[in-house]
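Structure record follows, encoded as structure tokens.
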Amino acid sequence: MNKKTVAIGVGIMSVIFEANSVEIEVTGIETSRGGNVIVFIFGEQGFPKKHEQALQRQVKTELKPTMTFEFEIPQQEIAIKVLHDEDQNGKVTKNWTGIYPAEGLGFSKEQKVTLTGAPIYRKSRLEREEFSSGVSIQVVYP
């Protein structure tokens, strides 16, 4: 009886920590701008500016108006950032003001860069139930 209980317990634990394959559809890409598209998956740390702290990232260079990215995500909660990196420098290039982005950006939960700054994690985060069946993010250009 103890062996069965342990086996069942181990089976449940493996389900809890299993990564889910998640499809992220990125729409509204202006292909004439060139460059590449980067999707960043963040935990709370570093979102949305510190790209080196992203949990995962994928870069695609063949641009299409709508692109699909697939990730294995074990986390229960994430936030997503999409960057149309026109100059391919891996970071958001600012316009003449030095404040606003000159490149296309998209965030989970349709968050946007505003006069008060970049989106915050609390308003952008997605729970597993919200992202497990896929997410669509639209790129917004200045």
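The values are calculated or read from the model by the stated rules, or taken from the named source; none is laboratory data. It should be emphasised that the depicted structure is a prediction, and the values quoted were computed from it without experimental measurement. As a convention, Cβ positions derive from the backbone with ideal geometry for all residues, glycine included, and neighbour counts pool all protein chains shown.
Summary table below
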{"quantity": "Among the candidates T97, T68, residue that is in contact (Cβ under 8 Å) with a residue 24 or more places away in the chain and polar (S, T, N, Q)", "calculated": "T68"}
{"quantity": "Filtered residues of region 103-142 (kept if touching a helix residue (DSSP H, G or I) at 6+ places or on another chain (Cβ under 6 Å) and among the basic types (K, R))", "calculated": "K109"}
{"quantity": "Residue in region 28-40 that is loosely packed, with under 15 Cβ neighbours inside 10 Å, among the hydroxyl-bearing types (S, T, Y), touching a Pro at 6+ places or on another chain (Cβ under 7 Å) and at pLDDT 95 or above present", "calculated": "yes"}
{"quantity": "Residue among L55, L63 that alone is farther than 19 Å from V135 by Cβ, free of Cβ contacts under 8 Å to residues at least 40 places away in the same chain and of a type in the set (A, V, I, L, M, F, W, C)", "calculated": "L63"}
{"quantity": "Total residues in region 108-131, condition out of contact with any Lys or Arg (no Cβ under 9 Å at 6 or more places or on another chain) and exposed (fewer than 14 other Cβ atoms within 10 Å of the Cβ)", "calculated": "9"}
{"quantity": "Test: residue in region 129-140 that is among the small types (G, A, S), without any contact (Cβ under 8 Å) to a residue 24 or more places away in the chain and closer than 25 Å to E23 by Cβ", "calculated": "yes"}
